[in-house]
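Engineer: To start, I am sharing the structure in question, which I have written as structure tokens.
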């Protein structure tokens, strides 16, 4: 069919840029415009997704293993160091409280069997009577601690009882004659640097 200025006799356009005549039919008046189908729709909308290969999975697992090997020991060391710092801080607080008790009671240290009442409650000038504040009975000294802290390290960790000797059932070993208090830990229980906890 002869063409005139790129338009067919029937009013159909041609596309010579592809080297072939491509006819674009014009919709008739009132007919909806036709759209070209999407290639994926022509293929039944089948989209293939590429998964991970076995080598990629092995590499990822190896990287996670290396990171875990680096992080876990550091977390463990951090927890150990924290417990050691807590031990040193607890001992410092209790030693200051014991010293203050001795200053206010003429050099007398708290008695072993009354250690908790002496530290947590009020006492008289002699350091032999303890209880709530009562000025009429001379209970005006103290308290020196809000609570007896628990031992943070060793086999007796978590206990806050004050006992007379290493190995007894308690967290702290206390000598009422000297006012010395230390951790109830055996010689084999040491910190990260090899120092026995009982020597803190």
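Rule-based calculations on the coordinates, nothing more; no lab input. All values reported here derive from a predicted model rather than from experimental measurement. Don't worry about glycine lacking a Cβ; one is built from the backbone with ideal geometry, like all the others, and counts go over all protein chains shown.
Engineer: For the pair residue 61 and residue 95, what calculated FRET efficiency results from E = 1/(1 + (r/R0)^6), where r is the Cβ-Cβ distance and R0 = 41 Å, to the nearest 0.05?
Structural biologist: With a Förster radius of 41 Å, E is 0.20.
Engineer: If packing is taken as the average count of other Cβ atoms within 10 Å, what order do 179-186, 91-98, 130-137 fall into, highest mean first?
Structural biologist: 179-186, 91-98, 130-137
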